[in-house]
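A quick write-up on the structure given underneath.
No lab work stands behind these numbers, since they all come straight from the coordinates. As the structure is a computational prediction, the values presented were derived from the model and not from experiment. Here the Cβ positions follow ideal geometry from the backbone for every residue, glycine too, while neighbour counts run over all protein chains shown.
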Amino acid sequence: MKLILLGAAGSGKGTMAKKISADFGIPQISTGDLFREIVKSGGELGEKISSLINKGQLVPNELTFEVLKQRLDQKDCKNGFILDGFPRSLAQAEMIKDLFDVDAVISIELPFEELEKRLVNRRLCSSCGEIDNINYEGFTGKCRKCGTKLFQRDDDKPEAIKARLEVYKKDVTPLINFYGDKVLKVSSSGSPDETYAPVKTFLTKLEAKA
Ligand code: AMP
């Protein structure tokens, strides 16, 4: 299955991608994660990308597409994948139109005020990628899976958050119409398991049809 996951920062998109990846055996391809890897490895390109990400701005389309294409060419993507963070605009959707057929698009939805609250309180594990929130029960500041100290992403600070949500509203909303009846809309106002239940049912049926 070749899937696209839409959802603003803080919607729980990354968490859903991990659950889908585990249940359906397809890799989660996050353009944000690919960029953060490039930033970590340093160099001029890393610095350029880092400065854009920290301001909450998008990386240019051509560069994003190149990075994505290289990742999709790898063996583990042969039987499908779940795209997390791409496309983020109609222009990007056009770029992948001839690359593969999209089987379904899952749109994770939550009001913006709620997203802002979740994002400032979001904390991540640098070691295993686990996502937590200082308001969740039992939060200790350490990863629940591997015990590593959690950190806050630079673009999860208030100014960058506002910029990211504005960009999302303007550019990603038109994608819902673009993908038409391939889209499943799911509210993430409940727990991760509640959000995931209808997604799993939908994808199980889709997989059985294929
Ligand atoms: P994310 O982890 O998906 O929130 O992405 C973090 C940052 O990476 C974004 O704020 C952008 O600066 C950059 N980025 C990720 N995906 C894309 C994309 N599809 N197009 C352009 N920039 C992206």
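Couple of notes before you dig in:
- For the chain: rounded, prolate or oblate by the Cα gyration tensor [a/c cutoff 1.5]: rounded
- Computed from point charges on the beta carbon alone (+1 for Lys and Arg, -1 for Asp and Glu), the dipole magnitude for the chain about its Cα centre is near 380 Debye.
- Highest GNM mean-square fluctuation among D171, D98, D33, for the chain modelled with Cα contacts below 10 Å: D98.
- Long-range HN-HN contacts of K142 with modeled amide H, under 5 Å: L150
- When the Gaussian network model of the chain links Cα atoms closer than 10 Å, the mean-square fluctuations of K145, K18, K78 top out at K145.
- Cα gyration tensor shape for the range 126-210, rounded if a/c is under 1.5, else prolate or oblate: oblate
- A compact globular protein would have a Cα radius of gyration near 2.2 N^0.38 Å; the ratio found for the range 52-132 is 1.30.
- Amide H contacts of I106 (H built 1.01 Å from N, under 5 Å, at least 5 apart or other chain): I4, L5, L6, L184
- Summary value for the range 60-149: 15 percent relative contact order, contacts being C-alpha pairs under 8 angstrom separated by 6+ residues.
- Fully extending the segment from Y179 to L90 would add 31.0 nm, taking 0.36 nm per residue of separation and subtracting the current Cα-Cα distance.
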